[in-house]
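Accompanying notes for the structure given below.
The values are calculated or read from the model by the stated rules, or taken from the named source; none is laboratory data. What you see is a predicted model, and the numbers here were worked out from it, not measured in a lab. Counting neighbours? That spans all protein chains shown, and the Cβs are built from the backbone with ideal geometry, glycine included. All accessible areas refer to the heavy atoms of the entire protein, side chains included, with ligands and DNA or RNA removed. Shrake-Rupley method; radii C 1.70, N 1.55, O 1.52, S 1.80 Å.
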Amino acid sequence: MSFGAPLGLLALLALPAIVILHLFRRRLRQRRVAGLFLFREGPLVASAGRRRTRLMRSLSLLCELVAALCAALLLGGLDLGAGASERHLVVVLDDSASMGAVGPDGSPADRARAAVAAAAEQAGRVTLVLTGARPTLRLGPREPSALAAQALAGWTPSQPAHDPGAALALALELAGPEDRVLVLTDDPELQPPPRCELAAVGAPLGNAALLSARRLARTDGETLLADVGWWGPSAGETTLRVESAGGAALLARSVQLEPGQVAHLSLDLTASSEDLWVRLSDDALALDNAALLLPEPLRTVRVASLLDAEAARLLALERALASLDGVETVTDPAAADLLVTGAPGALTQGRTELVVGAPGTERDEWIGPFLMDRRHPLVSGLSLQGVVWSAAPGELDGVPLVLAGRQPLLAEAVEGSATRVLVDLDPARSNLAQSPDWPILLANVVERARATLPGPELVNVRVGDLLVWRPPHGDVDAACELVGPDGERQPSRGVRPVVFESRRTGLHTLEREGAPLARWSVRFADARESDLSGRGARSEAARQPPQAAGAAAVARGSAGRVEARWLAALMLLAVAGDWLALRRRGGEGR
Amino acid sequence: MRPELERACLRYRLGAPARPLAGRAGDRIGRGTGASLEFMDFRDYVPGDDLRHVDWRSYARTEQYKVRLFREEVSPAAEVIADLSPSMAVTEGKERALRDLVEAFALWIARSGGHPRRLAAGGGRFEDGERVPIGAGVAAGAATGAAAAPAAASTLLPLEPLRPRSVRVLISDFLVEHDSGPDLRRLASGAAELVVVQLLDPWELQPSLDGPTALLDCEDGGRLDVDAAPRIVASYRERLARLGASLEGAARAAGARFARVTAGAPERMFADQLLPQGLVEPAA
């Protein structure tokens, strides 16, 4: 038994609805009497506020339930016969990008389409499952096999490397014990579950890939950092070209690479605010040959200091900030994104406050060991080797990130988009400011402040990365939508910041009422998929073949086929019966 | 007539009327003098008297002509008037009981020498068995002019003119909102005897409501939705008792004999209800 439109089964809710209507309907027995006037002064039945009454198993109820059941099964596309008599084929299709690599004999995707078509000829029903981090149903479940070719016509494998286990588990759930499960991939090393047949349809190919590409602004221009890899049986050559968005060639560099070698290129470009295309020569896999690089937005963090001159000198604040990129020192605290102060003040949304100081006069000197929350970005890169940390004893108002024994030395408190970093430190008695950890800690705090700036965090991302956009402070309208490279629109979910998962390569635009808010360029970069040298062909039968369909099942299938017309006829009969029952009851009342 | 009904009828006969009857010559004692063999009185002879009735023995003793007067024997006219409105067929048992009572009274009257007529109350013909709602006969009678003025104004009187000094039996459930007293008085007027029989279905006497019920008036189609509360049944029975008492009082006031009969088998109706109420007596 199968349902062509399972959502149609929602119509089954009509069954309890009918029963409830019958339970609460005002259902009166009728009786003809001669002296009705003798009852007249009696209290009438309440005409409102109906109460539940005993369910009467009337012909009307039966007919209505049968009619509703038939209608629901019709809407759900019930097909008893198909499920019982036709063989069901479940195909797991590797959706990784390497399946789209084109060789002399075509691509593995083409061979997979042919394999599905051949297998579907022997089955009546087909279910197509695409692998991925979250497996998806390309067709099915249990759709007619004639639809398989159409379902795969527009299939373009584009997923990064992933574990096919989730898709295999889904396929085994959808397959019955008598159903065939076929796995189509280009990875000959894949070991499917015993119930599955394996057909590896790949072929080893040489392929060059653009593994990373980044634009760095310089004072006198731009630098393009690119990683180019090559995988093949022998040394290979590819050409990296840089083009403007309009197609003008800006630069070309030929690269000779050994098998498995990754070349790190640094190319100087003139400063440009345009989008740049970085392309490699055509090869087997086109997906990893191009990247559109958008100009990285300037996310300058404005820093203001309220420290007294002695503390600022001891902390070498000016020098440390000058060593950081994307930092601007301002004198107006109200205009600052990061405020360095000696005592905590009032938190402002969208601002980060760094409090460095030790209250009171009592001091404890700590030389370690220091306990740090290594997962937290604020302490990333800190070692605190040789540091003498003089701090005032007592608790800090926040989540401790660095502790010496039970004494918290560094803590973070977050309120909305406001952050306060508390450093219990007496600069005059400590050597932290002279250690390499101090600029690292300052850099982490600056990056923490930069992360709260409005706008997109990163504009050139890889498939699978998150597209994050923070609205300006005070912007309460979170309604916007992401427009994909194919025009597909994806509304935001009303949470702030706005986060989308990138699934397709190309240019994505965030819009609000038609006005662009941000852009992202999503490129494919996954060395595991670009390496086509290990792809190959292999066939393996299922170690646990599907059970043979028994004679009883076949007989049940041939005799139990329920055609839609019979359901429709039964529904009409039930409706007619209900009409007659109600008419007769109405006649009794006259 | 059904054998069962006939057997039950033969066990009983109509009870003796309270007043002497009038009518054609027959075998029932009339209210006046007549030609029966039963001596009633003497009177002086007047010319024209039948010489065969002169008491010659008295003349021999007193030399005065005396004429012997004998009790009149009559064959009374009788009308069995049945209410054929739909309410009398509200149940199959009630309708059958009505037919049985009409046939039984007609048979008892015929066996006592009377000439019964079967009439339909309110209009229509008894033979047709047509169901006429109470009140319809008024319009029909007024339209045809067949009925006398009093009959046309009544809902229980038949359209046909009633014979004077006839025995009249009226069978109905009397479940009407208006007062039946005027109808009974008109029927009793000019009648030798009026017998009023109120025929009710057992459910009408002891109603039971199994849950909320829609009561449909079989006369006018009116509808009343009632709960199955015992107080409703009690209230109904109280009103029915008041209605019965009022009807019985009206019948007594009209000089009629009254009996309340619950529809059932003929033997049970006769033995258990008509006999105790004095309407019939054992035939033997």
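Within the range A:510-538, residues that are free of Cβ contacts under 8 Å to residues at least 12 places away in the same chain reach partners that are open to solvent by 20 Å² or more (accessible area, probe 1.4 Å) and of a type in the set (S, T, N, Q) with beta carbons closer than 7 Å, at six or more positions or on different chains, in the pairs A:516/A:509. Within the range A:345-358, the residues that satisfy the criterion of being surrounded by 15 or more Cβ atoms within 10 Å (Cβ to Cβ) and modelled with pLDDT under 90 are A:347, A:348, A:350, A:351, A:357, A:358.
Would you check which residues across the range A:483-505 are outside any loop (DSSP other than H, G, I, E, B), modelled with pLDDT under 90 and open to solvent by less than 50 Å² (accessible area, probe 1.4 Å) and list them? A:498, A:500 - these are the residues of the range A:483-505 that are outside any loop (DSSP other than H, G, I, E, B), modelled with pLDDT under 90 and open to solvent by less than 50 Å² (accessible area, probe 1.4 Å). Flag: residue B:196 does not match the condition of being within 8 Å of chain A (Cβ to nearest Cβ) and either modelled with pLDDT under 85 or within 25 Å of residue B:259 (Cβ to Cβ) (or both).
Quick check: anything in the range A:33-44 assigned to a strand (DSSP E or B), at pLDDT 65 or above, more than 14 Å from chain B (Cβ to nearest Cβ) and surrounded by 15 or more Cβ atoms within 10 Å (Cβ to Cβ)?
At the first step, the residues of the range A:33-44 found to be assigned to a strand (DSSP E or B) are A:33, A:44.
Filter once more, so that each one left must be at pLDDT 65 or above: A:33.
From what's left, more than 14 Å from chain B (Cβ to nearest Cβ): none.
No, the conditions are met nowhere in the range A:33-44.
Exactly one residue among B:188, B:228, B:263 is touching a helix residue (DSSP H, G or I) at 6+ places or on another chain (Cβ under 7 Å) and more than 7 Å from chain A (Cβ to nearest Cβ), and that residue is B:263.
Within the range B:183-204, being closer than 16 Å to residue B:109 by Cβ and either of a type in the set (Ser, Thr, Tyr) or part of a strand (DSSP E or B) (or both) holds for B:193, B:194, B:195, B:196, B:197. In this structure, is residue A:123 assigned by TED's automatic domain parsing to the domain that holds residue A:157, open to solvent by less than 60 Å² (accessible area, probe 1.4 Å) and at pLDDT 85 or above? It is false that residue A:123 is assigned by TED's automatic domain parsing to the domain that holds residue A:157, open to solvent by less than 60 Å² (accessible area, probe 1.4 Å) and at pLDDT 85 or above.
Do we have residue A:411 as aliphatic (A, V, I, L, M) and under 19 Å from residue A:346 (Cα atoms) here? Yes. Among the residues of the range B:110-131, is there at least one that is within 14 Å of chain A (Cβ to nearest Cβ), surrounded by fewer than 24 Cβ atoms within 10 Å (Cβ to Cβ), modelled with pLDDT under 75 and assigned to a loop (DSSP other than H, G, I, E, B)? Looking for residues that are within 14 Å of chain A (Cβ to nearest Cβ), surrounded by fewer than 24 Cβ atoms within 10 Å (Cβ to Cβ), modelled with pLDDT under 75 and assigned to a loop (DSSP other than H, G, I, E, B), one finds at least one in the range B:110-131, hence yes.
Between A:179, A:187, which is surrounded by 21 or more Cβ atoms within 10 Å (Cβ to Cβ), of a type in the set (D, E, K, R) and in contact with an Asp or Glu (Cβ under 9 Å, 6 or more places away or on another chain)? It would help to see each step written out before you state the result.
Values: A:179 fails: in contact with an Asp or Glu (Cβ under 9 Å, 6 or more places away or on another chain).
Result: A:187 is the single residue among A:179, A:187 that is surrounded by 21 or more Cβ atoms within 10 Å (Cβ to Cβ), of a type in the set (D, E, K, R) and in contact with an Asp or Glu (Cβ under 9 Å, 6 or more places away or on another chain).
Which residue out of A:154, A:202, A:165 is under 22 Å from residue A:105 (Cα atoms) and free of Cβ contacts under 8 Å to residues at least 12 places away in the same chain?
On the way: A:202 fails: free of Cβ contacts under 8 Å to residues at least 12 places away in the same chain; A:165 fails: under 22 Å from residue A:105 (Cα atoms).
Step by step, each of A:154, A:202, A:165 is checked, and only A:154 is under 22 Å from residue A:105 (Cα atoms) and free of Cβ contacts under 8 Å to residues at least 12 places away in the same chain.
Among the residues of the range B:79-109, count how many are in a helix (DSSP H, G or I), open to solvent by 10 Å² or more (accessible area, probe 1.4 Å) and within 14 Å of chain A (Cβ to nearest Cβ). So the count comes out to 5.
Would you be able to say whether some residue in the range A:281-302 is within 34 Å of the chain's Cα centre (by Cα), basic (Lys, Arg), under 28 Å from residue A:157 (Cα atoms) and open to solvent by 10 Å² or more (accessible area, probe 1.4 Å)? Checked the range A:281-302: no residue is within 34 Å of the chain's Cα centre (by Cα), basic (Lys, Arg), under 28 Å from residue A:157 (Cα atoms) and open to solvent by 10 Å² or more (accessible area, probe 1.4 Å).
Can you report the number of residues in the range B:199-218 which are within 7 Å of another protein chain (Cβ to nearest Cβ), at pLDDT below 85 and on the phi < 0 side of the Ramachandran plot? First the steps, then the outcome.
Applying the first criterion (within 7 Å of another protein chain (Cβ to nearest Cβ)) to the range B:199-218 yields B:204, B:210-218.
With the extra rule that they be at pLDDT below 85, the set shrinks to B:210-214, B:218.
Now restrict to residues that are on the phi < 0 side of the Ramachandran plot: B:210, B:212-214, B:218.
The total comes to 5.
Can you report the number of residues in the range B:246-284 which are in a loop (DSSP other than H, G, I, E, B) and exposed (fewer than 15 other Cβ atoms within 10 Å of the Cβ)?
Quick first cut of the range B:246-284, residues in a loop (DSSP other than H, G, I, E, B) only: B:254-256, B:263-265, B:275-279, B:283-284.
Filter again for exposed (fewer than 15 other Cβ atoms within 10 Å of the Cβ), leaving B:276, B:278, B:283-284.
So the count comes out to 4.
Residues of the range B:142-170 that are modelled with pLDDT of 80 or more and outside any loop (DSSP other than H, G, I, E, B): B:167, B:168, B:169, B:170. Applying the condition of being in a loop (DSSP other than H, G, I, E, B) and either touching a strand residue (DSSP E or B) at 6+ places or on another chain (Cβ under 6 Å) or open to solvent by 30 Å² or more (accessible area, probe 1.4 Å) (or both) to the range B:217-235 and asking which residue is nearest to residue B:91 (Cα to Cα) yields B:218.
In the range B:236-245, which residues are surrounded by 14 or more Cβ atoms within 10 Å (Cβ to Cβ), out of contact with any Phe, Trp or Tyr (no Cβ under 6 Å at 6 or more places or on another chain) and within 10 Å of another protein chain (Cβ to nearest Cβ)? Walk me through how you get there before you give the answer.
Step one: of the range B:236-245, the residues surrounded by 14 or more Cβ atoms within 10 Å (Cβ to Cβ) are B:236-237, B:239-240, B:243-244.
Still in the running and out of contact with any Phe, Trp or Tyr (no Cβ under 6 Å at 6 or more places or on another chain): B:237, B:239-240, B:243-244.
Scanning the range B:236-245 gives B:237, B:239, B:240, B:243.
Filtered by the rule that a residue be surrounded by fewer than 19 Cβ atoms within 10 Å (Cβ to Cβ) and touching a His at 6+ places or on another chain (Cβ under 9 Å), the range A:388-412 gives a lone residue, A:399.
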